[in-house]
Amino acid sequence: MSATVPNILLSNGVRMPALAIGTAPLSTSPSHSPRSHQGYVGFFPERVTRSVRLALDAGLRHVDTALLYRSHEQVAHVIRASLMEGELDREDFFLTSKVLHPPAEAFGMDDTTIDMDEMTPEEVGRTVHRHVQVTLRELGVGYLDLMLLHWPSPGGGVGGQAEGDGDGEDGAGARTGMAEIDPARRAKRIAAWRVLEHYYSMGWLRAIGTSNFHEVHLQHLMDDGARVRPHVNQIETSVYIRHDGIVRYCRENGIAVSAFSPFGRGIMGMEEDGVLVSIASKHGATPGQVALAYLLHQGFAVTFYSGKLERMRGNIEACDIDLDESDVDKLEGLQRSASWGLPSPYTLS
Ligand SMILES: NC(=O)c1ccc[n+]([C@@H]2O[C@H](COP(=O)([O-])OP(=O)(O)OC[C@H]3O[C@@H](n4cnc5c(N)ncnc54)[C@H](OP(=O)(O)O)[C@@H]3O)[C@@H](O)[C@H]2O)c1
């Protein structure tokens, strides 16, 4: 029997499919030749049309995008075609997008980012309003299922530089130092959050949340008068990197945690990892499937990218892998330095 993707019940009763196809295929090549496009550093939105189509074929129904990725139109193209052909209904899709990303200079696409340090809270609010409306218009399928604030402040994000010391706080793979909270940025975060609350109350967004927020960022939203507690916080999480303090806070406060980059962006050599390989052979699975099953077993929603149908099908099958306690103990031991990942939320002020 083929596996099905479980739903995660959000605190407002919305059901979110636990596996999402990401739409940020990324090149990280260090040198760039404009003539051949080789060495380009940034996203490949042109790959998204096919990968989202394959994801639907595989049985995935949750698509994760962001204004920054410039993949709204590709996602919209596939979903509208599916609606037009009567293949699926709007209610069958779960669409997540994100606004409020700091400038990512390497990509030179400032109209998708927000330079909050150059703006008043009112200006941040107005820009988030505009970006939510652009997102709804670009996706063009009515409401959005989940909208996230992408990054709590500048200093991180794709193509950005981390601030802070980056030592680990909670587990071998995370960092210890928490950058001091900047009161001006705090005021801008709540201004941005109020905009998401506005569209949520109107029904344009079925759920709202955050991404790359740590527990203090989240608590400050509530202390500063948020009427809606974030339904989801999306953070980088894999067998190699965990932020236990954030996860604990979210669980205690009814915030679902969504893990991004579960395969270490494909550069961590999971296929050769001895622990993953041995647990995989015990379950007749691949190392990647075990790494994914570990996250699902811990109750995370997971957003991964793949351009391959077989990989997507295999990732859905990972929902049925039943890890035992000894597997989980071994997998917990895989945490390692997070220096390869995106900046830790704890480096963001
Ligand atoms: N909120 C945020 O700030 C944030 C940040 C980064 C990413 N994201 C979201 O998360 C998504 C995924 O992140 P990501 O692409 O950085 O990381 P990822 O999903 O960890 O890595 C993608 C790579 O993993 C490979 N892969 C897929 N399934 C696999 C398996 N079972 N075993 C081994 N390798 C496998 C894919 O290769 P093949 O194509 O060959 O299958 C691809 O190269 C993004 O597209 C985006 O939507 C969010």
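Below is a table of values for the structure above.
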{"quantity": "Residue in region 272-282 that is part of a helix (DSSP H, G or I), within 13 Å of the ligand (Cβ to nearest atom) and modelled with pLDDT under 95 present", "calculated": "yes"}
{"quantity": "Ala184 farther than 16 Å from Leu144 by Cβ, at pLDDT 95 or above, more than 20 Å from the chain's Cα centre (by Cα) and open to solvent by less than 20 Å² (accessible area, probe 1.4 Å)", "calculated": "no"}
{"quantity": "Any chance Asp244 is in contact (Cβ under 8 Å) with a residue 12 or more places away in the chain, of a type in the set (Asp, Glu) and either more than 11 Å from the ligand (Cβ to nearest atom) or open to solvent by 20 Å² or more (accessible area, probe 1.4 Å) (or both)", "calculated": "yes"}
{"quantity": "Hits in region 225-267 - residues which are among the basic types (Lys, Arg) and outside any loop (DSSP other than H, G, I, E, B)", "calculated": "Arg248, Arg251, Arg265"}
{"quantity": "Identity of the residue in region 268-277, touching a residue at least 24 places away in the same chain (Cβ under 8 Å) and surrounded by fewer than 22 Cβ atoms within 10 Å (Cβ to Cβ), that ends up nearest to Asp324 (Cα to Cα)", "calculated": "Val275"}
{"quantity": "Tally of residues being open to solvent by less than 20 Å² (accessible area, probe 1.4 Å) and touching a Gly at 6+ places or on another chain (Cβ under 9 Å) across region 257-267", "calculated": "4"}
{"quantity": "Near pairs, Cβ below 7 angstrom, 6+ apart or cross-chain, from region 68-81 (free of Cβ contacts under 8 Å to residues at least 40 places away in the same chain) to any residue that is in a helix (DSSP H, G or I) and within 15 Å of the ligand (Cβ to nearest atom)", "calculated": "His77/Thr49; Val78/Thr49; Val78/Val52; Val78/Arg53"}
{"quantity": "Complete set of residues in region 247-271 that are within 14 Å of the ligand (Cβ to nearest atom) and among the aromatic types (Phe, Trp, Tyr)", "calculated": "Phe260, Phe263"}
{"quantity": "Lone unmet requirement of (1) modelled with pLDDT under 50; (2) within 13 Å of the ligand (Cβ to nearest atom); (3) closer than 23 Å to Gln219 by Cα for Gly160", "calculated": "(3)"}
{"quantity": "Hits in region 85-127 (condition: within 18 Å of Leu146 (Cβ to Cβ) and within 16 Å of the ligand (Cβ to nearest atom))", "calculated": "Phe93, Phe94, Leu95, Thr96, Ser97, Lys98, Val99, Leu100, His101"}
{"quantity": "Qualifying residue in region 225-241 (condition: over 24 Å from Gly341 (Cβ atoms), surrounded by 15 or more Cβ atoms within 10 Å (Cβ to Cβ) and of a type in the set (Gly, Ala, Ser))", "calculated": "yes"}
{"quantity": "Qualifying residue in region 2-11 (condition: under 27 Å from Ala81 (Cβ atoms), away from the ligand (no atom under 12 Å from the Cβ), at pLDDT below 95 and of a type in the set (Val, Ile, Thr))", "calculated": "yes"}
{"quantity": "Odd one out for Ala192 among (1) in a loop (DSSP other than H, G, I, E, B); (2) under 21 Å from the mean Cα position of the chain (by Cα)", "calculated": "(1)"}
{"quantity": "Top-ranked residue of region 283-331 - restricted to ones that are within 12 Å of the ligand (Cβ to nearest atom) and without any contact (Cβ under 8 Å) to a residue 24 or more places away in the chain, ranked as surrounded by the most Cβ atoms within 10 Å (Cβ to Cβ)", "calculated": "Pro287"}
{"quantity": "Among residues of region 313-346, those that are within 18 Å of the chain's Cα centre (by Cα) and at pLDDT below 95, counted", "calculated": "8"}
{"quantity": "Qualifying residues in region 122-139 (those that are open to solvent by less than 40 Å² (accessible area, probe 1.4 Å), under 15 Å from Trp193 (Cα atoms) and of a type outside the set (A, V, I, L, M, F, W, C)) - the one nearest to the chain's Cα centre (by Cα)", "calculated": "His131"}
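The values are calculated or read from the model by the stated rules, or taken from the named source; none is laboratory data. Just so it is clear, the model here is predicted, and its values are computed rather than measured. For neighbour counting, all protein chains shown are included, and Cβ atoms are generated from backbone atoms with ideal geometry for every residue, glycine included. Only protein heavy atoms, including side chains, enter the accessible area calculation; ligands, DNA and RNA are left aside. Shrake-Rupley method; radii C 1.70, N 1.55, O 1.52, S 1.80 Å.
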